[in-house]
Amino acid sequence: MPIPKEILSVPRPVNTIVIMYGKDKDRFAVRQRIGCKCVEGRNVPVNGPTIGHIRDGVFVPLERTATVTSSGIDLKDWADVILCDRLFSPVREELEEVYAKSDATRIYCISLLRVCNPGIKDCELKEAYETGFLSEFYPDVALSRNTVSKFLGDLGKTCSRITAFMRSRAERTGIDHHVLIDGTLKSDESKVNSLSDFSRKAKAKGTRDISVLYAFDLERMEPICSKCFPGNMLDLTSYESFIRENNITKGIIVADKGFPSSAASLHFGKNPDLHYLNPLRRNLKIIDELHMMDFTGILPGFEGVTYRKEKSGGKWLYSYRDAYRAGKEERDYLKRAKSKDKYRHGEFLEKQKVSGTVVLESDLDLTPEAAYKTYGKRWEIELVMRFYKSACEFDETRVHDDYSVIGTEFCDFLASVLTYRLINAFDKKSLLNDFTYKKLMSVLKRGKKVKGESGEWELIKMNPSHEKILTTLGLLEAPPVPPKRKPGRPKKVKI
């Protein structure tokens with residue numbers, strides 16, 4: 001159907017064409033010609049966007065001002081993103097050694113956003129990415145809901161690359177470094193993956209779990225590697241598999257009673273640079289055979305602590321009794337017995353024998369003071385697990401199949417690495433003396449930048465105390481110190 005001549009005769013911009021549309025072909029759009037292309041030896045014009053319509057015999061141009069929906073974002077999160085990027089960017093380079101650059105950037109962005117936005121869901125990543133400066137540093141990263149869901153599954157399917165990345169980190173552990181190992185349980189009610197199962201805490205929690213093992217380098221003060229296991233698997237069962245697959249071959253492993261050295265004796269035998277310092281269960285026969293509860297001296301440098309050191313074969317045993325801790329354990333026992341009316345004198349005497357005691361086993365000949373100090377630092381791994389679950393809010397999984405669990409736990413591990421780098425940065429500047437970790441992160445979240453008329457990003461006005469924190473962290477330049485005023489003329493002395 002040809003276009004009416006009266007429509008074609010209406011004045012309109014040059015290099016345009018009229019297009020009929022509508023059910024009855026009674027509407028007319030004006031489209032711009034943007035060029036031409038060669039098709040089978042002849043030039044064919046190429047139509048561009050619609051720039052207006054012809055209505056009532058008049059050309060009506062489209063509104064030039066873009067709608068709010070299609071406009072860009074002029075206010076973005078800045079302080080938290082830039083600090084995390086400064087501390088975390090070396091990890092992106094490590095990722096690029098194993099993954100393609102685009103994949104490494106996407107993993108990096110997902111992990112960073114989970115730290116800046118604790119508890120964020122995968123469907124919320126895109127909005128957090130677009131409303132933060134991460135989209136300015138790393139543009140065009142695909143983080144839509146469906147894209148992230150598929151990507152995490154693909155990430156888990158290539159778990160050999162995750163293992164290669166973990167091994168690369170473990171290789172940087174020094175021979176004299178202390179490696180703390182512990183596990184935690186995460187709720188996982190999925191019925192389609194093989195990792196979700198009822199753990200030892202199922203009766204108290206009422207949910208199924210997965211088990212996540214972590215290794216923490218005490219000297220570097222950050223996690224080294226992690227791995228997922230079924231929730232019903234005991235720590236001693238997964239112990240050797242964990243250190244073998246992650247190729248932990250150097251350092252001194254400090255763990256709790258759930259990780260006995262006998263569970264990984266073959267791996268320790270093959271790696272002479274790998275040693276252990278573990279606590280023993282109080283009911284083991286070797287403790288009575290070597291009279292480890294008969295303490296021989298007072299531990300130098302510690303108040304109220306007695307010790308004993310003995311050798312058994314190729315191992316050394318160290319036993320300690322803390323008088324203050326023993327008193328607390330006895331008081332707690334008596335308090336529970338009184339509330340339940342179940343006090344038994346013989347049972348209390350047995351309790352007194354082991355109250356406040358700990359027996360350590362090691363393949364190293366250490367001084368009693370060094371062994372006690374080293375084991376005392378094991379509580380750092382408890383802080384790691386606490387930050388993992390509370391600060392990052394990684395207390396449950398939100399994915400279902402095995403591959404997605406492995407992929408999302410890898411991103412959670414990277415997020416925990418960044419979390420500890422933030423803690424170390426805050427501690428270095430002595431900010432944790434006055435503020436909690438969550439308070440400092442909330443201050444960083446308030447540091448936003450807005451785009452001005454000239455297109456430059458400017459920091460919004462903040463509370464002076466918050467600006468001082470940003471200055472301490474090196475995000476803002478310190479204000480210039482005003483020069484001291486010269487002393488004026490001395491006051492006259494009245495006679």
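The values are calculated or read from the model by the stated rules, or taken from the named source; none is laboratory data. The structure presented is a predicted model; accordingly, all values stated were derived computationally and were not measured. All Cβ positions, even for glycine, are placed from backbone atoms using ideal geometry, and neighbour counts span all protein chains on display. Just the protein is used for accessible areas: all its heavy atoms, side chains included, with ligands, DNA and RNA removed. Shrake-Rupley method; radii C 1.70, N 1.55, O 1.52, S 1.80 Å.
Before moving on, here are some points about what is shown:
- Computed about its Cα centre, the charge dipole of the chain is approximately 1940 debye, with only Lys, Arg, Asp and Glu carrying charge at their Cβ.
- Debye-sum result for region 235-353 in log10 I(q)/I(0), which assumes one identical scatterer on each alpha carbon, at q = 0.11, 0.17, 0.21 Å⁻¹: -0.54, -1.00, -1.19
- Which of PHE259, PHE302 is most accessible, then next, and so on - probe 1.4 Å: PHE302, PHE259
- Residues of type lysines that LYS101 reaches as a straight line, Cα spacing below 23 Å, ignoring anything fewer than 8 places off in the same chain: LYS126, LYS150, LYS157
- Simple label model, 7 Å out from Cα along Cβ direction - LYS494 to SER144, nm: 8.5
- In the assembled protein chains, HIS345 presents an accessible area of approximately 110 Å² (probe radius 1.4 Å).
- Relative to the dominant Cα principal axis of the chain, helix 323-340 is inclined by about 80°.
- Amide proton proximity set for GLY48, modelled H, under 5 Å, gap of 5+: GLN32, ARG33, ILE34
- Each residue, SER442 and CYS36, gets one label point 7 Å from its Cα in the Cβ direction; the gap between the two is 6.6 nm.
- Label point 7 Å beyond Cα of SER194 along Cβ direction - residues of region 227-264 with amide nitrogen under 15 Å: 228-233
- Peptides 243-251, 76-84, 328-336 ranked from most to least packed, by the mean per-residue count of other Cβ atoms within 10 Å: 76-84, 243-251, 328-336.
- Above-threshold pairs, the threshold being 19 Å between Cα atoms, out of LYS353/LYS373; LYS285/LYS311; LYS285/LYS351; LYS285/LYS353; LYS428/LYS484; LYS257/LYS377: LYS353/LYS373; LYS428/LYS484
- GluC sites (Glu not before Pro) restricted to DSSP loop in region 393-492 with at most 11 other C-beta within 10 Å: GLU453, GLU456, GLU477
- Debye, to nearest 20: dipole size of region 85-214, +1 on Lys, Arg Cβ, -1 on Asp, Glu Cβ: 640
- Listed residues PHE198, ILE298, LEU95: farthest to the positive end of the dipole of the chain (Cβ charges): ILE298
- Acute angle (nearest 10 degrees) that the helix 159-171 long axis makes with the longest principal axis of the chain, alpha-carbon atoms: 60
- Inter-label distance for SER160 and VAL354, nm, one decimal - labels placed 7 Å from Cα along Cα-to-Cβ: 4.7
- Within the accessible area of the chain (1.4 Å probe), percent carbon and sulfur: 52
- Between the listed residues ILE17, ILE51, ILE224, the Cα displaced farthest toward the positive end of the dipole of the chain, a dipole computed from Cβ unit charges relative to the Cα centre, is found at ILE51.
- With both residues required to sit in the chain, DSSP beta bridges show an antiparallel share near 85%.
- Using the Cβ-Cβ distance between LEU334 and ALA478 with R0 set to 45 Å, the FRET efficiency works out to roughly 0.20.
- Modelled FRET efficiency - R0 41 Å, ARG281 with ASN433, Cβ distances, 0.05 increments: 0.60
- Packing-based ranking, highest mean first, of 158-166, 126-134, 362-370 given that Cβ atoms within 10 Å are counted: 126-134, 158-166, 362-370
- Efficiency of FRET from Cβ geometry, MET1 and THR471, R₀ 60 Å, rounded to 0.05: 0.30
- Radius 15 Å from Cβ of LYS101, net charge of other residues (Lys, Arg +1; Asp, Glu -1): -3
- Reduced Cα scattering model of the chain, Debye log10 I(q)/I(0), q = 0.06, 0.07, 0.10, 0.12 Å⁻¹: -0.46, -0.58, -0.94, -1.17
- Heavy-atom accessible surface of region 434-495, averaged per residue, reaches 88 Å², computed with a 1.4 Å probe.
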